[in-house]
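Notes follow the structure.
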Amino acid sequence: MKIFVDTANREEIEQAASWGILDGVTTNPTLLAKEMERTRKGYRQILEEICQIVNGPVNGEVVSTDSKGMVREGLELAEIHENMVVKVPMIPEGLKAVKRLRQEGIRTNVTLAFSPSQALLAAKAGATYVSPFVGRIDDKSGDGMEVVSQIVQIFQNYNLPTEVLAASLRHPVHVVEAALLGADIATMPFSVLQKLFEHPLTDIGLKQFLADWEKTKQKIVG
Ligand code: E4P
C-alpha cells in the first residue's frame with residue numbers, strides 16, 4: 001500500500017520524505033488555505049515546493065463547482081508539475097470535468113466520496129483515484145471501512161483501474177485496516193504517520209540494548 005501525507009506543510013512533508021516511506025501528498029482547500037495563511041505564500045508556490053520535495057503524486061483541488069471552471073483550474077494545477085493530480089469533488093459537474101481532464105492526459109482524484117455507488121461512478125468517469133473519507137463517515141455513525149471494503153470489492157469484480165485512496169484516516173488502526181482491505185493508498189495527517197512508528201516495546205527494548213552495550217565501554221566505530 002502506498003502512503004501519502006495529507007498536509008500542505010512543507011516541514012512535515014520534508015520530514016516524512018526523509019524517512020523514505022512517502023509515496024505522495026494530498027492537499028485540500030482547507031489545508032492549502034491554512035498553509036497560505038501561515039507562510040504568506042501563494043497556493044502555486046506551495047504546491048511547486050511540495051513537488052520539489054516529493055517524487056510522487058501531489059494532489060491539488062479545484063474550487064469551482066461547474067465543469068468548465070473545474071477544467072480550467074485543473075489545467076492550471078496540472079501545469080505546475082508533471083506529478084500534480086487534480087482533485088475534483090464527487091458531484092455530476094465534477095465527473096464531467098474528470099472525463100474532460102482525462103482526455104487531456106491529466107490524472108484526477110475524485111474526492112468527498114462517501115459511498116460505493118459514488119466510487120463506481122468516479123471509476124466509470126475515468127478517475128485515476130477515488131477518495132472515500134473514512135473518518136468523516138465514522139463521525140456520522142457510519143462504517144467508513146465497510147465503504148472502503150465494498151469499493152475495493154467492486155473495483156476487483158470489474159477490473160477497474162481506478163485506485164482506492166483511503167482518506168480522512170484518523171489513527172493507526174484505520175491505516176492497518178485500509179491495508180488489510182487492499183486499499184491502494186492511505187493518506188493521513190502527519191500526526192498519524194508519526195504514530196505508525198510508535199510502540200512502547202520498541203522504546204523499552206532500545207533503552208535496554210543501549211544500557212547493556214554502554215556497560216561494555218566498546219564502540220562499533222572508532
Ligand atoms: C484527503 O485527500 C482529504 O484531504 C483528507 O483526508 C480529509 O481528511 P479530514 O476528514 O481529516 O479533513
Of the accessible area of the range 2-214, with the probe set at 1.4 angstrom, what percent is carbon plus sulfur? 53
A chain fully extended from His81 to Thr216 at 0.36 nm per residue, minus the present Cα-Cα distance, gains in nm 43.3 nm
Quote the charge dipole size of the range 2-214 about the Cα centre in Debye, to the nearest 20; the model charges only the Cβ of Lys and Arg (+1) and of Asp and Glu (-1). 800
Scaled by the rule-of-thumb 2.2 N^0.38 Å, the alpha carbon Rg for the chain gives a ratio of 1.15
Lys pairs in the chain, Cα-Cα under 14 Å, at least 8 apart or on separate chains: how many? 7
For 24-31, 181-188, ranked highest to lowest by mean beta-carbon neighbours within 10 Å, the order is 181-188, 24-31
Got a sec? Which residues in the range 67-82 would a label at Gln103 touch, if it sits 7 Å along Cα→Cβ and we count backbone N under 17 Å? 67-76
Using 0.36 nm per residue of separation minus the Cα-Cα distance, give me the extension gain between Gln52 and Glu37 in nm, one decimal. 3.3 nm
Take the range 154-196, drop everything but the C-alpha atoms, weight them equally and run the Debye formula without solvent; then report log10 I(q)/I(0) at 0.14, 0.28, 0.33 Å⁻¹ to two decimals. -0.34, -0.94, -1.17
Would you mind getting the accessible area per residue of the range 82-195, heavy atoms of the protein chains only, 1.4 Å probe, in Å²? 45
Zone of Leu206 (label point 7 Å along Cα→Cβ, backbone N under 19 Å): which residues in the range 1-23? 15-22
What angle do you read, to the nearest 10 degrees and between 0 and 90, between the alpha-carbon axis of helix 67-78 and the longest principal axis of the chain? 40
Can you pull the accessible area of Phe190 for me, 1.4 Å probe, Å² to the nearest 10? 20
To the nearest 500 deg cm²/dmol, what mean residue ellipticity at 222 nm is calculated for the chain from DSSP H runs of n ≥ 4 alone, each contributing -39,500 (n - 2.57), summed and divided by the residues? -16500 deg cm²/dmol
Zone of His171's modelled label, taken as backbone nitrogen in the range 109-151 under 18 Å from a point 7 Å along Cα→Cβ: 134-146
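The values are calculated or read from the model by the stated rules, or taken from the named source; none is laboratory data. This is a predicted model, so every value here is computed, not measured. Reconstructed Cβ throughout: ideal geometry from the backbone, glycine too, with neighbour counts over all protein chains shown. Just the protein is used for accessible areas: all its heavy atoms, side chains included, with ligands, DNA and RNA removed. Shrake-Rupley method; radii C 1.70, N 1.55, O 1.52, S 1.80 Å.
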